[in-house]
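These notes concern the structure reproduced below.
Read-outs: derived from the displayed coordinates by stated rules, not from any lab. Note that the structure is predicted; figures quoted are calculated from it, not measured. A quick note on method: Cβ atoms are made from the backbone with ideal geometry, for glycine too, and the neighbour counts reach across all protein chains shown.
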Amino acid sequence: MSRRPKAAPGARPGSFRRTSQGGRPPARFSRNEGDETAILYGWHPVVEALRNPNRAIRRLLATENSARRLAEELGALDLDPEIVRPDDINRLLEPDAVHQGLYLEAEPLPSPTLETLSGDRIVLALDQITDPHNVGAIVRSAAAFDVEAIVTTARHSPAATGVLAKAASGGLEHVPFMVVRNLADTLIGLGERGFLRIGLDSSGTAGLDQLPLRRPVILVLGSEGKGLRQRTRECCDFIGRLDMPGEIKSLNVSNAAAIALYAVSRALAD
């Protein structure tokens, strides 16, 4: 059951406020590029963030139509949206961003640690996957398969915001990121905690369905071009592959992630 946002004191259910007459903001919009603010835009990312009790919202901008739709979907909000025109949101985003009249600034979500991972559900690790569209698609699949967390590196990885959040289509609210300095050290630490570490690569020594899968397990995906780094491979217990009958034997990393999560989930459920 989703959380229904509470009304602010004195607010009418389904109400929203204008920032100035005509729906224009009272001052020029701007945001700091160097801070840790999570930028979310588009219907699904923003609505899922507003439903998430763990997401601290700083600012919400909406066009009149989108604010009305929000009121119908969620009722009164703790933070009334500032009513703006589409171009006001356009100026805050990269060209061609599809914001659907919604823009939100929020605090980053809490992150799990090596010690707090339960291992009851699959954990996913990304070895320097840099394309935010791919990572966002992976997050969406991870949310669908109830992944406990996604481990990623502080460098050579996109931030959980903007394009990535839009591609994740709300998945960021359901799968936390665990950002680490060194992926190999983290895999070693998880191995010491009993995690089975499965690397996924087209050159794997066995099909994923042939591996002795068990909980707790972490599935490690390599970058779009280079795949798993050598040090990452050395820290895995097995390197598995997806066996496909067609002429093309490799997939986009986000597609491979979805198939691998399905295969591992089915194996663990048996």
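Summing +1 for each Lys or Arg and -1 for each Asp or Glu, what net charge is found among the other residues whose Cβ lies under 12 Å from the Cβ of L187?
0
Rounding to the nearest 10 and keeping the result within 0 to 90°, find how far the Cα-based axis of helix 183-192 lies from the longest principal axis of the chain.
60
Using helices alone, what [θ] at 222 nm do you get for the chain, with -39,500 (n - 2.57) per DSSP H run of 4 or more residues, divided over all residues and rounded to the nearest 500?
That calculation yields -8500 deg cm²/dmol at 222 nm.
Rounded to the nearest 20 Debye, what is the dipole magnitude of the chain about its Cα centre when Lys and Arg each give +1 and Asp and Glu each give -1 at the C-beta?
Around 580 debye, computed over the chain.
Need the C-alpha centroid separation for the stretch 65-100 versus the stretch 213-258, integer Å.
38
Could you run the Karplus curve 6.51 cos²θ - 1.76 cosθ + 1.60 with θ = phi - 60° over the stretch 144-161 and give me ³J(HN,Hα) per residue in whole Hz, x for Gly and Pro?
5, 9, 6, 5, 6, 6, 10, 8, 9, 8, 5, 10, 6, 8, x, 6, 7, 7
For Cα extents along the principal axes in Å, pick the label among [x] 66, 35, 35; [y] 55, 45, 33; [z] 72, 56, 46 that corresponds to the value derived from the coordinates.
Computed from the coordinates, Cα extents along the principal axes in Å corresponds to [x].
Just need log10 I(q)/I(0) for the stretch 28-125 at q = 0.11, 0.12 Å⁻¹, Debye formula, equal scatterers on the alpha-carbon atoms, no solvent, rounded to two decimals.
Treating every Cα as an identical point scatterer, log10 I(q)/I(0) equals -0.39, -0.45.
Mean separation of Cα pairs under 8 Å and 6+ residues apart, divided by the residue count of the chain: what relative contact order is that in percent?
Computed over the chain, the figure is 19 percent.
Find, among the GluC sites (Glu not before Pro) in the stretch 222-267, those assigned to loop by DSSP (not H, G, I, E, B) with at most 15 other beta-carbon atoms within 10 angstrom.
When the GluC sites (Glu not before Pro) of the stretch 222-267 are filtered for loop state and at most 15 Cβ neighbours within 10 Å, E224, E247 remain.
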